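The values are calculated or read from the model by the stated rules, or taken from the named source; none is laboratory data. Note that this is a predicted model, so its numbers are computed, not measured. Heads up, the Cβs are rebuilt from the backbone with ideal geometry, glycines too, and the neighbour counts pull from every protein chain shown.
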Amino acid sequence: MEGAAAVVGAGPNGLAAAVVLARAGLDVTVHEAAGAPGGAARSAAVLGPGTVVDLGSAVHPFGVASPLFSRLGLHRHGLEWLHPPVVAAHPLDDGPPGLLHRSLERTAAELGPDGRAWSALHRGVVERWEQTVESALGPLVRVPEHPAALASFGLRAPWPAAATARAVFRTEQARGLFAGSAAHAVLPPRHVLTSAFGTLFGAAAHATGWPVARGGSQAIADALVADLREHGGRVLLDRPVTDLAQVRPAELVLLDLTPRQVLGLGGLELPPRYRRALSRWRYGTACYKVDLLLDGPVPWCDPRVARAGTVHVGGTLAQIGAAESQARAGRLPERPFVLVAQQGAADPSRAPAGQQVLWAYAHVPHGCDDPRAGERVLDQLERFAPGVRDRILARVDTPPSGLQAWNANLVGGDIGGGALDGLQQVFRPVVQADPYATGVPGVFLCSSSTPPGGGVHGMAGYHAARRALTGLARDRRRTGGQTG
Ligand SMILES: Cc1cc2nc3c(=O)[nH]c(=O)nc-3n(C[C@H](O)[C@H](O)[C@H](O)COP(=O)(O)OP(=O)(O)OC[C@H]3O[C@@H](n4cnc5c(N)ncnc54)[C@H](O)[C@@H]3O)c2cc1C
């Protein structure tokens, strides 16, 4: 198909949309505000020479499982997924940690009395993983392509994770592992639909793993950019778009932006109803990020935790629930839920020999820049790894305003493009049949504020680009090829 398209924002969704449009034959230009492509999937040496720090995303269960990334064959452009020896660990004050392995059987065996319940909860989803992912990573309101897969997953999905965990598990290990996975929704586990996250993340571990990208998450963005270039497209850096006139006369414009930025864009005459609906968009709980360079491995009480790529630091299900509820209610938790990535467990290239980069963030109230949050992250680490403070060689704290400063999509430190609760979980960003259409001919939204939401998988970009191409073809048929 001939013609020109513009994409605003070079995050994983913007780049994915650009690749799909370029592969369809369009001449694609991506306009990116920052000095490097990748959005919240960028890496830089912020902890000093020889370090690779993921500025945003670190661990990629839905990157390795992404139907789009697989179809594109991004390994041709150097993307390599590396798996840690243990997928995730959930340390506890009393007793051994919960450990999530690639093997469902091994995970179940180590969970003792909860082994059978763990298998029963996850096995059906693992067995229909590809179909489940295809369904879960698409617009949720549509005729499902794989009803059987969706049914086996959907039976459990609507429940709050806390209710599921208490109903099916007896040990704090299993409850914690499940609650830790559900906390990736950045919602308290008492919320409806959080079981969907717990089950999906658990099943992902057993099906395709939670890998990191060799050399840093930037490798994912770089591979997408390489694919775009291979198909004739380009990325223009340091080009913040404030008015649509900057990207015209492109026939198609895809916006890798969240609703607040779309509302602020000049030259975009949104239909009043759509504009009103967008202005009701809610942003959610924030992340307060702490990156550490250590002089060696983290001194976890249980050495098996050091082998995990991801560590859920938050204690029991009840403790995680309390922390998430406080953050959501606008109070900085004394003991916040902290997500830790130890990319070095899979990828030794992340730090100079003998040292370790530790990536962590705490869930804090929206827009909360309180520096005590950084200390509380360290307190939580000390709780399960006494002495970790003494090992710190370098430390960089990035509060919510700091996140938003390098990527305008991270509004108030919300890393998901908007809260994932209530109607926003299903209808992103507004309640309408085509979630990507803006009501302005040729202009579409493609960020994580559209289905399927946050995460590095490119599927929002993929679906938005497909809709845009279908619309363009229809318009050209109608006008006999005379559009734009
Ligand atoms: C700290 C953190 C940790 C995360 N951890 C994980 C993880 O481990 N695994 C995972 O899968 N996901 C994780 N995520 C989420 C994931 O990174 C995002 O969901 C994903 O990057 C969203 O992609 P996107 O393309 O929609 O938006 P973004 O990646 O946010 O990209 C948007 C791009 O648009 C650009 N932009 C904004 N405004 C303009 C403008 N006016 N003009 C031009 N360009 C503009 C921005 O500079 C940015 O490059 C994390 C995010 C953060 C911040």
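Worth a mention:
- When residues of the stretch 1-58 are limited to those that are among the acidic types (Asp, Glu) and within 13 Å of the ligand (Cβ to nearest atom), the one farthest from the chain's Cα centre (by Cα): Glu32
- Which listed residue, of Val431, Val456, is among the hydrophobic types (A, V, I, L, M, F, W, C) and more than 10 Å from the ligand (Cβ to nearest atom): Val431
- Members of the stretch 175-185 found to be surrounded by 24 or more Cβ atoms within 10 Å (Cβ to Cβ) and in contact with a Leu (Cβ under 9 Å, 6 or more places away or on another chain), listed by number: Arg175, Gly176, Leu177, Phe178, Ala179, Gly180, Ser181, Ala183, Ala185
- The stretch 241-289: number of residues that are closer than 30 Å to Glu375 by Cα and within 11 Å of the ligand (Cβ to nearest atom): 4
- Given (1) surrounded by fewer than 20 Cβ atoms within 10 Å (Cβ to Cβ); (2) in contact with a Cys (Cβ under 8 Å, 6 or more places away or on another chain), number of the condition Tyr436 does not satisfy: (1)
- Long-range neighbours under 6 Å by Cβ, at least six apart or interchain, first residue outside the structural domain of Gln173 (by TED's automatic domain parsing) within the stretch 290-307, second surrounded by fewer than 20 Cβ atoms within 10 Å (Cβ to Cβ): none
- Among (1) over 20 Å from the mean Cα position of the chain (by Cα); (2) more than 23 Å from Ala308 (Cβ to Cβ), the one test that His366 misses: (1)
- So Arg166, is it assigned to a loop (DSSP other than H, G, I, E, B) and over 21 Å from the mean Cα position of the chain (by Cα): no
- Where helices (runs of 4 or more DSSP H) sit wholly within the stretch 316-420, those with at least 1 residues that are surrounded by fewer than 24 Cβ atoms within 10 Å (Cβ to Cβ), away from the ligand (no atom under 16 Å from the Cβ) and among the small types (Gly, Ala, Ser) occupy 317-328.
- Flag if Val192 is under 15 Å from the mean Cα position of the chain (by Cα) and either away from the ligand (no atom under 12 Å from the Cβ) or at pLDDT below 95 (or both): no
- Any hit, the stretch 408-428, residues being among the β-branched types (Val, Ile, Thr), at pLDDT below 95 and either assigned by TED's automatic domain parsing to the domain that holds Ser57 or under 21 Å from Val28 (Cα atoms) (or both): yes
- Filter pass, Val86 being under 22 Å from Asp291 (Cβ atoms) and away from the ligand (no atom under 16 Å from the Cβ): yes
- Residue within the stretch 40-58 that is assigned to a strand (DSSP E or B) and among the charged types (D, E, K, R) present: yes
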